[in-house]
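Asker: Please find one structure pasted underneath; my questions will follow.
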Amino acid sequence: TSSTAVTRSELPEIVSPGLPFMSVAVGLVALTGLLTLFLATQLRVLFGGASFLLATKGLTVAAYAREGFFQLVVAAGVVLGTLVVAEWLLAADDATGRRRYRITGAILIVQVFALLVSAATRIGLYVGEFGLSIDRVVACAGIVFVGSVLAIFAATTLRGRTTRFAPVTLIATVSWVALVNILNLEATVVRVNVARAATG
């Protein structure tokens with residue numbers, strides 16, 4: 001009889017360097033400061049709505065809405081990516097550092113939620129002026145998805161339940177994609193626009 005040797009290759013485990021909070025605080029604090037400065041200087045732009053549009057020459061409702069949506073997507077991606085990496089870099093036994101991380105993370109999440117409110121307001125203004133379209137429905141669904149991921153991160157990682165973030169986000173993503181495909185978006189667009197036409 002001949003025996004066949006089976007060679008098993010295992011993926012190398014990526015171990016966290018276990019850094020103290022001060023080593024990752026620079027990036028987190030810098031990002032917090034940057035978003036704070038952006039929100040403070042762009043407050044009228046972000047939440048000015050129709051009055052800001054009327055006062056700004058050459059700015060269309062479409063451009064205003066798209067700008068808000070892409071600001072939200074970029075900010076959410078950068079903030080979530082930074083927070084995930086920072087959490088992995090932190091030492092697991094640094095209770096004080098992790099508490100400071102959660103506080104800083106909560107501030108960043110609130111700041112992104114402010115951009116989410118701005119994006120939703122702009123899309124609402126856009127739909128109010130021109131009605132629904134497939135692109136606008138998808139944009140609204142995208143805002144809901146981003147908000148859901150932010151809420152999941154706050155409920156898991158920021159509460160010390162890091163291992164739950166990825167699977168819950170995966171479930172939410174699959175559910176979101178399935179719901180978008182199951183719902184008859186075209187029928188929704190027609191129904192809303194017919195109702196608008198009926199009311200003048």
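Asker: Okay, helix-only estimate at 222 nm for the chain: each DSSP H run of n ≥ 4 adds -39500 (n - 2.57), divide by all residues, round to 500 deg cm²/dmol; what do you get?
Answerer: -26500 deg cm²/dmol
Asker: Continuing with this model, one more query. Between LEU59 and PHE130, take the C-beta separation as r, use R0 = 22 Å, and let me know the FRET efficiency to the nearest 0.05.
Answerer: Working from the Cβ atoms, E equals 0.90.
Asker: Ok, one more. Please find, in a Gaussian network model of the chain (springs between Cα atoms separated by less than 10 Å), the residue of VAL149, VAL29, VAL177 whose mean-square fluctuation is greatest.
Answerer: VAL177
Asker: In addition: Between the helical axis of 134-155 and the dominant principal axis of the chain, each derived from Cα atoms, what acute angle in degrees is found, rounded to the nearest 10?
Answerer: On a 0 to 90 degree scale, this one is about 40.
Asker: At each listed q (0.15 Å⁻¹), what is the log10 of I(q)/I(0) that the Debye formula gives for segment 117-200 modelled as equal alpha-carbon point scatterers?
Answerer: Taking Cα atoms of segment 117-200 as identical point scatterers yields -0.66.
Asker: Hey, another quick one. Accessible area of the chain with a 1.4 Å probe: how many percent of it is carbon plus sulfur?
Answerer: Within the chain, the accessible surface is 67 percent carbon and sulfur.
Asker: Compare ARG98, ARG161, ARG136 in a GNM of the chain, Cα atoms joined below 10 Å, and give the one with the largest fluctuation.
Answerer: ARG161
Asker: Follow-up. Using a 1.4 angstrom probe and counting only protein chains, how large is the accessible area of SER51 in Å², to 10?
Answerer: 80
Asker: Now a separate question. Taking every pair of distinct Cα atoms and averaging 1/r, then inverting, what Kirkwood hydrodynamic radius in Å comes out for the chain?
Answerer: 19.7
Asker: For a quick protection proxy, order the peptides 82-93, 111-122 by their average other-Cβ count within 10 Å, most packed first.
Answerer: Taking the mean over residues of other Cβ atoms within 10 Å, the ranking is 111-122, 82-93.
Asker: Rounded to the nearest 20 debye, what is the charge dipole size of segment 40-145 about its Cα centre when +1 sits on each Lys and Arg Cβ and -1 on each Asp and Glu Cβ?
Answerer: 220
Asker: If I build a Gaussian network model for the chain, linking alpha-carbon pairs within less than 10 angstrom, which residue out of ILE182, ILE109, ILE152 has the largest mean-square fluctuation?
Answerer: With Cα springs under 10 Å in the chain, the top fluctuation among ILE182, ILE109, ILE152 is at ILE182.
Asker: Quick one: plug the Kirkwood hydrodynamic radius of segment 16-107 (C-alpha pairs) into Stokes-Einstein at 4 °C, 1.567 mPa s, and report D in µm²/s.
Answerer: 85
Asker: For the pair ARG44 and MET22, how long in nm is the line joining their label points, each one 7 Å along Cα→Cβ?
Answerer: 4.2
Asker: Tell me, what is the Rg over Rh of segment 160-200, with Rh the Kirkwood radius over Cα pairs?
Answerer: That ratio equals 1.36.
Asker: Using only Cα atoms, tell me the angle between helix 162-182 and the longest principal axis of the chain; keep it within 0 to 90° and round to the nearest 10.
Answerer: 40
Asker: Going 7 Å from the Cα of VAL180 in the Cα-to-Cβ direction, what parts of segment 118-136 have a backbone nitrogen less than 11 Å from that spot?
Answerer: Residues passing the 11 Å test: 135.
The values are calculated or read from the model by the stated rules, or taken from the named source; none is laboratory data. Because the structure is a prediction, the values reported are computed rather than measured. Using ideal geometry, Cβ is built from the backbone for each residue, glycine included, and neighbour counts are taken over all protein chains shown. Accessible surface is based on the protein model in full, side chains and every heavy atom, while ligands, DNA and RNA are left aside. Shrake-Rupley method; radii C 1.70, N 1.55, O 1.52, S 1.80 Å.
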